Every structure is written in C-alpha cells, then in structure tokens.
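Trainee: There's a structure below that I have some questions on.
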Amino acid sequence: MGFNPLGQLGELKRMRDQAMQIQRQLQAEQITIEKNGVTIVISGDQKIQDLQSNGRSDKDIREAVNEAVKKSQEVAAKKLQEMSGGMGGLAGMLGGGK
C-alpha cells in the first residue's frame with residue numbers, strides 16, 4: 001500500500017471546510033451575561049458584541065477586551081500549531097487568523 005498525497009490533501013480540505021463551518025456557526029451564536037450591573041454580549045467565537053456597565057455602553061473597554069481575547073486566541077493557535085506540526089494551516093484557521 002503506497003503513500004497517497006492526494007488522499008491526504010482531500011482529508012485536509014475536508015477538515016478545513018469543517019473548521020470553517022464550525023467557525024461560522026460560532027460567529028452566529030450570541031451569549032448574554034448580566035452580573036453585578038454589567039451586561040456583556042459575546043459571540044461564540046469570543047468577540048465582545050456589547051459591553052455595558054450600569055446601563056452605560058463603553059466602547060473603549062469593549063475594544064480592549066476584544067484585543068485581549070484576540071491575543072489569547074493567537075497564543076492558543078500557536079500552541080496548537082506547535083503540537084500539530086504539519087497541520088499548522090488548520091491550527092491558524094481555528095485561531096481566527098483572517
């Protein structure tokens with residue numbers, strides 16, 4: 001039984017398509033948390049959609065939190081890439097690299 005690189009490419013494409021479909025589904029999810037006068041609406045792919053404290057929206061805090069989440073995703077993607085070796089492209093996609 002020989003090595004079939006085309007079979008592996010097909011499998012990688014299928015996995016990539018599946019990862020992109022999951023990412024789209026996560027983007028569509030909305031989670032709302034209300035605690036101690038603070039309301040946060042976050043998407044399933046960890047992007048803050050709205051942040052209010054005591055009824056006041058705060059764009060600066062929302063942007064800072066989104067930046068922190070993005071950095072944490074990049075760190076996670078890098079770790080996945082190190083662990084997966086040759087599957088780096090897929091790990092980068094899962095980390096939200098656009």
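The values are calculated or read from the model by the stated rules, or taken from the named source; none is laboratory data. Given the structure is predicted, the values throughout are model-derived calculations rather than measurements. Ideal geometry is used to build each Cβ from the backbone, glycine not excepted, and the neighbour counts take in all protein chains shown.
Trainee: If you take the residues of the range 12-23 that are surrounded by 11 or more Cβ atoms within 10 Å (Cβ to Cβ) and not β-branched (V, I, T), which of them is nearest to the chain's Cα centre (by Cα)?
Mentor: Step one: list which residues in the range 12-23 are surrounded by 11 or more Cβ atoms within 10 Å (Cβ to Cβ), which gives 12, 15-16, 18-20, 22-23.
Add one more test, that the residue is not β-branched (V, I, T), and what stays is 12, 15-16, 18-20, 23.
Details: L12: 19, M15: 16, R16: 14, Q18: 14, A19: 10, M20: 10, Q23: 7 Å.
The residue in question is Q23.
Trainee: Filter the range 10-31 for residues that are assigned to a strand (DSSP E or B) and hydrophobic (A, V, I, L, M, F, W, C) and give the result.
Mentor: I31
Trainee: Still on this structure: I want to confirm something. Restricting to the range 45-63 and keeping residues that are surrounded by fewer than 16 Cβ atoms within 10 Å (Cβ to Cβ) and of a type in the set (D, E), which single residue is nearest to I22 (Cα to Cα)?
Mentor: Here the residue is D50.
Trainee: Considering only residues that are among the small types (G, A, S), at pLDDT below 85 and part of a loop (DSSP other than H, G, I, E, B), which ones fall in the range 32-85?
Mentor: Of everything in the range 32-85, just one residue is among the small types (G, A, S), at pLDDT below 85 and part of a loop (DSSP other than H, G, I, E, B), namely G55.
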